[in-house]
C-alpha cells in the first residue's frame with residue numbers, strides 16, 4: 001500500500017519535534033538507507049550516504065536537551081509526484097541546546113527531497129540552515 005504524502009508529512013513533523021528534544025529514533029525511521037542520500041544539516045557540513053548520515057543525525061539530535069519544544073512548520077511550497085516529492089519550509093521552535101541552560105529560538109529554512117521506496121516516503125535529502133535577515137552585499 002502506498003503512503004499518501006500528506007500523511008507522511010505529519011509523521012515527519014512529529015519526528016522533527018522529537019528530534020529537537022534529543023530523540024532521533026522517529027526521524028531515523030523516515031530516512032532512506034540508500035547511499036544516494038544526503039544532508040546539508042543545520043549544524044553545517046555535509047554527509048552523503050546512510051553510513052555517514054545515520055551517525056550524523058544521531059549526533060545532531062544529541063545536541064538538544066529535552067525541553068517540550070514543538071516545531072511549527074510554514075510550508076512555502078510542497079509537491080508530490082509519483083516517486084519523488086519536495087517541501088520548502090520555515091521551521092520554528094524554541095529549543096534547549098545541550099551546552100546551554102536557557103532556551104533559544106531555533107529558526108531554520110529547510111528544503112527537503114523525498115522519494116518513494118517500497119511504497120513508503122523516505123527522506124532523500126535535507127538542506128537546513130539558520131534563517132537570518134536579508135542583507136545586501138557589502139559595498140565595494
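Taking Cα centroids, how far is region 1-26 from region 107-135 in Å?
12 Å
Using a 10 Å cut-off around each Cβ, can you sort 26, 98, 76, 9 from fewest to most neighbouring Cβ atoms?
Ascending Cβ contact count within 10 Å gives the list 98, 76, 26, 9.
Report the full-extension gain for the segment residue 129 to residue 13: residue separation times 0.36 nm, less the Cα-Cα distance, to one decimal in nm.
Result for the pair: 40.0 nm of gain on full extension.
So, in nm, how far is label residue 26 from label residue 58 when the simple model puts each one 7 Å beyond its Cα toward the Cβ?
Between residue 26 and residue 58, the simple spin-label model gives 2.0 nm.
Run the quick spin-label model on residue 140 and residue 83: label points 7 Å from Cα toward the beta carbon, then report their separation in nm to one decimal.
Taking the two extended label points, one gets 4.6 nm.
Rule-based calculations on the coordinates, nothing more; no lab input. From a predicted model like this one, the values you see are computed outputs, not experimental measurements. No Cβ is skipped: glycine too gets one built from the backbone with ideal geometry, and neighbour counts run over all protein chains shown.
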